[in-house]
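Report on the structure given below.
The values are calculated or read from the model by the stated rules, or taken from the named source; none is laboratory data. What you are looking at is a predicted structure, and each value in this text was computed from that prediction instead of being measured. No Cβ is skipped: glycine too gets one built from the backbone with ideal geometry, and neighbour counts run over all protein chains shown. SASA here: full protein model, heavy atoms, side chains in, ligands and nucleic acids out. Shrake-Rupley method; radii C 1.70, N 1.55, O 1.52, S 1.80 Å.
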Amino acid sequence: IQVATFGKGDAGKLTIRASQIDIFDTEERKNGFSTGIFAGIIQDPFRSKELPVGNGGQLNINTDRLSIIGGGRVEASNSGIGKAGDIFITAKDLVEVVGSSSLIAANVAPQNSSNPITPELISGDGGNVTINTSQLIVRDGAEISVSTFGQGDAGNLSILANNIKIDGGENGVLTGFFASVEEG
């Protein structure tokens, strides 16, 4: 599920209301795309020779339970020029992010493409992530992050929860909350 701009202009606003939302990916995916809910400014190096320009969309998720498992993603990103989108999650009972590559993120970064268009020109501020829930579980290599790998500031990460559990699993895999600005 996605709101995005691939050219010039702003992405839209997406609101999802459901009692339970399960987002999961499979290792057998053949199309190269992750499963998830996305908003952003998305670069398509195979169909366009120009960076997209605009502001990323806004994701609003209202639920009792949100599970992001096995590589599923909720992401607001910018791989062009502009501000990445914002993510607002309100989950009455639980938000769980479990497994390597599972994430909730707002970032400015080149897409995972073998042929990015001028990655050094990607610029703009990262989006914000706001989570309000009773219980938050992040484990086994999952992450919640705001970051920029381009020119600009990372967004804000705000979490309001009664109970937070972070567990890297048996292998001590990097798991948790991250706010960063990276070179490049």
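Heavy-atom accessible area of Leu174 with all protein chains present, probe 1.4 Å, nearest 10 Å²?
Solvent-accessible area, nearest 10 Å²: 130 Å².
Using a/c under 1.5 as the rounded threshold, could you call region 121-184 rounded, prolate or oblate? The axes a ≥ b ≥ c are square roots of the C-alpha gyration tensor eigenvalues, and prolate needs a/b larger than b/c, oblate otherwise. Before the final figure, lay out the partial values.
Numbers: a/c = 4.31, a/b = 1.54, b/c = 2.80.
Since a/c reaches 1.5 but b/c is at least a/b, the shape of region 121-184 is classed as oblate.
Take the alpha carbon gyration tensor of the chain, find the square roots of its eigenvalues, order them as a ≥ b ≥ c, and report rounded if a/c is under 1.5; if not, report prolate when a/b exceeds b/c, else oblate. Before the final figure, lay out the partial values.
Numbers: a/c = 1.64, a/b = 1.52, b/c = 1.08.
Taking the square roots of the gyration eigenvalues as a ≥ b ≥ c, the chain is prolate.
So how many Lys-Lys pairs in the chain land under 20 Å Cα to Cα, not counting same-chain pairs under 8 apart? Walk me through the numbers before you get to the answer.
On the way: Lys8/Lys49; Lys8/Lys83; Lys13/Lys83; Lys92/Lys165.
The result is 4.
Please report, as a whole percent, how much of the solvent-accessible surface of the chain comes from carbon and sulfur atoms (probe radius 1.4 Å).
On the way: 4330 of 9350 Å².
After summing per-atom areas, the C and S share lands at 46 percent.
Quick one: how many Å² of Lys13 are accessible to a 1.4 Å probe, rounded to 10?
140
If we count every other residue with Cβ under 14 angstrom of Phe6's Cβ, Lys/Arg +1 and Asp/Glu -1, where does the sum land? Can you show the working numbers first?
On the way: positive: Lys8, Arg47, Lys49; negative: Asp10, Asp44, Glu50.
Once positives and negatives cancel, what remains is 0.
Given axes a ≥ b ≥ c from the Cα gyration tensor, I'd like to know whether region 45-92 is rounded (a/c under 1.5), prolate (a/b larger than b/c) or oblate. Can you show the working numbers first?
Numbers: a/c = 4.54, a/b = 1.98, b/c = 2.29.
Verdict is oblate for region 45-92.
Mind ranking Lys83, Lys165 by accessible surface for me, highest first, 1.4 Å probe? It would help to have the intermediate numbers written out before the result.
Values: Lys83 70, Lys165 100 Å².
Descending order: Lys165, Lys83.
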